[in-house]
Amino acid sequence: MDEQRRRAIPIAIYPPQWADDKNCVNSPCPVAILSAGYGLLHTDYGFLATSLSELGYLVVAVGHELPTDPPLSVTGNLYQTRSENWQRGANTLRFVRSQLKQTMTGFDFDHLLLIGHSNGGDISAWLANEMLAENEAFISTVITLDSRRVPLPKTAAIKLLSIRGSDFPADKDVLPTPDEQQALGLCIISIPRSRHNDMYDAGPVWLKAEIERQLHAFLKTELPCQGAK
């Protein structure tokens, strides 16, 4: 409960599957914070949470949308009209990090992996950009599934993977250019015949398997885009 904002924040926690508490105490386990696409539940991404927990991450899935929130804007300059939603989401992620860091010892909340689908990816990118602008350093990796509105962090200080669907383009300047990708080690991967709205638990088996393959390849290697085919 965020008392200052009078906001109840639903979360689901998936512990790392390979590590017991003792292991995480001796060597803090990494943490991933997962943000859902608009209109979906934070529990609708079990395939991602399970995949990350198999890699040793503590996964915290965060619910961003409450019935009392204004609807996501669909008209006008979306970068401007949706900024309230993204800022609210970034504030929520900051609060969740702050609260859990105090109570969940043995986990590394100072080198977060942020992962999000669609609007959840935009929230993740918004917070990463905000962190960079404020000269903070608690996000080490950002992974988005077809985020389309908020420019992705373009810096070598944050490891970046964005998995792209094939039915909708990103807005101008959201994705790093090929030169930026090469110079900064940023990874943009398109999955042919994939749909934006299918990148969650109810999506096709083949697509979830490919997303998991790219995720594992990216996180298990120092080489950018190692999992690309």
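The values are calculated or read from the model by the stated rules, or taken from the named source; none is laboratory data. Nothing here was measured: the structure is a model prediction, and the numbers come from that model. With ideal geometry, Cβ positions are generated from the backbone for all residues, glycine too; neighbour counts draw on all protein chains shown. The accessibility values were calculated without ligands, DNA or RNA, using every heavy atom of the protein model including side chains. Shrake-Rupley method; radii C 1.70, N 1.55, O 1.52, S 1.80 Å.
Some points to look at:
- Residue pairs whose Cβ atoms lie under 6 Å apart, sitting 6 or more positions apart in sequence or on different chains, and linking a residue in region 161-180 that is touching a residue at least 12 places away in the same chain (Cβ under 8 Å) to a partner that is hydroxyl-bearing (Ser, Thr, Tyr), are Ser162/Thr144; Arg164/Ser190; Gly165/Ser194; Ser166/Ser194.
- Residues satisfying the stated conditions in region 108-125, i.e. surrounded by fewer than 24 Cβ atoms within 10 Å (Cβ to Cβ) and over 10 Å from Ala32 (Cα atoms): Asp110
- Checking each residue in region 132-148 for being surrounded by 21 or more Cβ atoms within 10 Å (Cβ to Cβ) and either outside any strand (DSSP E or B) or polar (S, T, N, Q) (or both) picks out Thr144, Asp146, Ser147.
- Identity of the residue in region 9-24, surrounded by fewer than 16 Cβ atoms within 10 Å (Cβ to Cβ) and either part of a helix (DSSP H, G or I) or modelled with pLDDT of 95 or more (or both), that ends up nearest to the chain's Cα centre (by Cα): Ile13
- Condition met for Ala90 (touching a residue at least 12 places away in the same chain (Cβ under 8 Å), open to solvent by less than 10 Å² (accessible area, probe 1.4 Å), in contact with a strand residue (DSSP E or B) (Cβ under 9 Å, 6 or more places away or on another chain) and of a type in the set (A, V, I, L, M)): no
- Output for region 25-80, where each listed residue is of a type in the set (A, V, I, L, M), surrounded by fewer than 20 Cβ atoms within 10 Å (Cβ to Cβ) and either touching a residue at least 60 places away in the same chain (Cβ under 8 Å) or farther than 17 Å from Val150 by Cα (or both): Val25, Leu41, Leu55, Leu66, Leu78
- In region 109-136, the residues that are without any contact (Cβ under 8 Å) to a residue 24 or more places away in the chain reach residues that are crowded, with 24+ Cβ neighbours inside 10 Å with C-beta atoms within less than 7 angstrom, at least six apart or across chains, in these pairs: Met131/Ile139.
- Matching residues, region 160-193, being open to solvent by 60 Å² or more (accessible area, probe 1.4 Å) and among the basic types (Lys, Arg): Lys172, Arg193
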